[in-house]
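Remarks on the structure that follows.
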Amino acid sequence: MLSYGPASWREEEVLRRHPVVLAWLASHQVRADVEAARRCWRELGEPDAGGVVAEHTPAERLAVRDAVASIGRELTARARGTSVLHEALRGRTWRPRL
C-alpha cells in the first residue's frame, strides 16, 4: 500500500502503525490516479487531443493510446483491490458464492 502513494508516505510512521488509514489513503490516491488516466484517455480521443502527444509523438499516437489504456486497466484493478482491502481491514466479511 505504501507504494500506491507519494514516496513521502514511507516516512510517515503513523501509516505503518495504522493499516486501515493507509488503505483508506491508498484507496483515495488510486481512485484519483484512475480518474487522471480517464481524463488522458478522453483527451487523446479529441481531434487535436493532448497537444503534447500530437506534437511530440505524431507517429505513435495509437501506441500512446494503448499505453494509457493499459495503465488505466492496471489502475482500475488496483483501485478494486485497495477498496476491498480497506473494507476487510475495517471488519467487513464476505460469504463465498458458488
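The values are calculated or read from the model by the stated rules, or taken from the named source; none is laboratory data. What you are looking at is a predicted structure, and each value in this text was computed from that prediction instead of being measured. Cβ sites come from the backbone with ideal geometry, for glycine too, and all protein chains shown count toward neighbours.
When the residues of region 1-27 are filtered to those that are buried (at least 18 other Cβ atoms within 10 Å of the Cβ) and not in a helix (DSSP H, G or I), the one that is modelled with the highest pLDDT is G5. The residues of region 63-98 that are surrounded by fewer than 12 Cβ atoms within 10 Å (Cβ to Cβ), assigned to a helix (DSSP H, G or I) and over 16 Å from the mean Cα position of the chain (by Cα), listed by number, are A63, D66. For V30, the criteria (1) without any contact (Cβ under 8 Å) to a residue 24 or more places away in the chain; (2) surrounded by 14 or more Cβ atoms within 10 Å (Cβ to Cβ) hold in every case but one, which is (1).
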